[in-house]
Structures are given as C-alpha cells and as structure tokens.
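Colleague: One structure coming up, written as structure tokens, with questions to follow.
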Amino acid sequence: PYMLCSQLELPGVSRLCCIDENAGGAVAAKALLRAGCRRPAHITAMLEKNCVCTARWEGFRTAMRKAELEPVLIPAPELGVQGGREAARRLLPMVKRGEVDGLFVVNDLTAVGVMQNLVKSNIAIPEELAIVAYDNLPFRQTVPVEMASIDVSIGKLYQTAVETLAEELRGERKPGESVRKKIVPTFVPGASLPDR
C-alpha cells in the first residue's frame, strides 16, 4: 500500500493526498473580506510556469468575484524578497491613490520584500493596506509587522496519508482502492490584517 503526498492535485494518480491550493487562495480572499477590504490586489509571479501560483490566484480571484469585486493582479518579476520589492514599486502608487486597500501575496518570502518597500515608503500596515501572505513560515513573526498568513497544513497532509494507509492495513479499506484527499489550508492571524 502507498499514498502519494503532493502540493497539487495530480491527474492520473489514484492514491493521493494533496493541498487544495485553489481553496487556499479563497481562504486568503475571505480573510481580506472579513477585514473590510473592498479594493483587493494580488502579487504573484510565474503564473504561466508555476501551477501553485496559478491555483492560488484562481482561488483568490473566484472568491473575490463572488463578492462582486475584481482584484488587481500585480505581477512580480520573480518569487522571493527581491521580486516582492519590485512588485511593491508598482503597488505603491495604487495604495497612495486609494485604489487598493487589501493585498494577498503569493507567499511569505515575497511578502517580506513587499512589506520592506511599503514600510520604507511610510505606508501604514494594516491601516492603509491590509496584507495576507501564504505558507505560514516561522519568520513571518519577525518582520516589522507580523504577517497574517495561510498555513498549507503540511503536517495535516502527512497525517491524513498515514491514517489512510493505516485504515487499509487494518482492513477498513479495500487494498489498492482509489483514494484522493484534499487538505484545505487555514488562516493564521497576524498584525498585517485588521481583526474586525
């Protein structure tokens, strides 16, 4: 018996536990909406090459459209701190003009670069711009404003896979039975997102 664990849903794999990245993007959208944000934006990179980034964006955009909002997409030249700094340069004029009040950043590392440039430009987080990132990495608490983030629940992914295997070993499941389980990421509060 086996279970494959993956960050994404893989077609053609009959025994899989994966992260529902699309649902994770929707979780980020709902967090911004709960905080009162009505002019959303999303910073990401490599949409044409990285299906994780694409899934997060699609989940975010779909949830925002259900709320009758159209999020602004701000492409970063790359993922990571430097890419976040570059994207923040494009974002800054929009924030100053009041066109964006809530931001979802594709991952915590890129969000660090975004926040660095915003803080240097005297943008008050979360008063002028609420931010939610993704991955819930340990360093998110060490930046100038603790980041709200989406936890991909890796521990839950592996626990679910092991429990599924144990069910089969105990005879509670047919040997080789097709099993596909999705783990939905969860919201982790932080000072970058107002608690309303």
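Colleague: So for segment 1-88, averaging the separation of alpha carbon pairs under 8 Å that are six or more residues apart and normalising by length, what relative contact order in percent results?
Modeller: On the way: 126 pairs, mean separation 23.8, N = 88.
27 percent.
Colleague: Please report, in debye to the nearest 20, how large the charge dipole of segment 1-135 is about its Cα centre when each Lys and Arg carries +1 at its beta carbon and each Asp and Glu carries -1 there.
Modeller: 260 debye
Colleague: Please give the helix 21-34 orientation as an angle from the longest Cα principal axis of the chain, in degrees from 0 to 90, rounded to the nearest 10.
Modeller: Taking Cα atoms only, the helix is inclined about 40 degrees.
Colleague: Further, regarding this structure: Solvent-accessible area per residue for segment 147-196 at a 1.4 Å probe radius, Å²?
Modeller: Here the residues of segment 147-196 average 59 Å² of exposed surface.
Colleague: Ok, one more. Calculate how large, on average over all directions, the projected area of the Cα convex hull of the chain is; give the answer in nm² to one decimal. Kindly include the intermediate steps, with their values, before the conclusion.
Modeller: Values: hull surface 46.3 nm².
Over all viewing directions, the chain projects a mean Cα-hull area of 11.6 nm².
Colleague: For the chain, find the longest principal axis of its Cα atoms and tell me its angle to the long axis of helix 154-169, 0 to 90°, nearest 10.
Modeller: Tilt relative to the chain: about 10 degrees.
Colleague: Place +1 on the Cβ of every Lys and Arg and -1 on the Cβ of every Asp and Glu in the chain, take the dipole about the Cα centre, and give the residue among 102, 144, 45 whose Cα lies farthest towards its positive end.
Modeller: 102
Colleague: Now a separate question. Using Cα-Cα distances under 8 Å and only pairs 6 or more residues apart, what relative contact order does segment 67-138 have, in percent?
Modeller: Values: 89 pairs, mean separation 24.2, N = 72.
Relative CO of segment 67-138 lands at 34 percent.
Colleague: Please report, to two decimal places, log10 I(q)/I(0) for segment 109-157 at q = 0.23, 0.27, 0.31 Å⁻¹ as given by the Debye formula with identical point scatterers on the Cα atoms and no solvent.
Modeller: With no solvent term, the Cα-only Debye profile gives -0.81, -1.04, -1.27.
Colleague: Can you compute the helix-only [θ] at 222 nm over the chain? Use -39500 (n - 2.57) per DSSP H run of at least 4 residues, normalise by all residues, nearest 500 deg cm²/dmol. Intermediate values should be presented prior to the final figure.
Modeller: On the way: 5 runs with 75 residues, N = 196.
Helix-only estimate at 222 nm: -12500 deg cm²/dmol.
Colleague: Also, I was wondering about something else. So which of 30/66; 49/96; 49/120 end up more than 21 Å apart by C-alpha?
Modeller: Distance filter (> 21 Å) returns 49/96; 49/120.
Colleague: If contacts are Cα pairs under 8 angstrom and at least 6 residues apart, what is the relative contact order of the chain in percent? Let's see the in-between values first.
Modeller: On the way: 409 pairs, mean separation 55.3, N = 196.
Worked out over the chain, it gives 28 percent.
Colleague: Rounded to the nearest angstrom and ordered from largest down, what semi-axes does the equivalent ellipsoid of segment 1-69 get from its C-alpha gyration tensor (root of 5λ)?
Modeller: So the three semi-axes of segment 1-69 are 28, 13, 9 Å.
Colleague: On average over all directions, what projected area in square nanometres does segment 120-196 have, based on the convex hull of its Cα atoms? Could you put the intermediate results ahead of the total?
Modeller: On the way: hull surface 28.7 nm².
Its average projected convex-hull area is 7.2 nm².
Colleague: Expressed as a whole percentage, what fraction of the accessible surface of the chain belongs to carbon and sulfur atoms when a 1.4 Å probe is rolled over the protein heavy atoms? Intermediate values should be presented prior to the final figure.
Modeller: On the way: 5010 of 9380 Å².
On the chain, the fraction of accessible area on carbon and sulfur atoms equals 53 percent.
The values are calculated or read from the model by the stated rules, or taken from the named source; none is laboratory data. Keep in mind the model is a prediction, meaning the values are calculated, not measured. Every residue, glycine among them, receives a Cβ derived from its backbone with ideal geometry; neighbour counts consider all protein chains shown. What goes into the accessible areas is simple: the full protein's heavy atoms, side chains included, and nothing from ligands, DNA or RNA. Shrake-Rupley method; radii C 1.70, N 1.55, O 1.52, S 1.80 Å.
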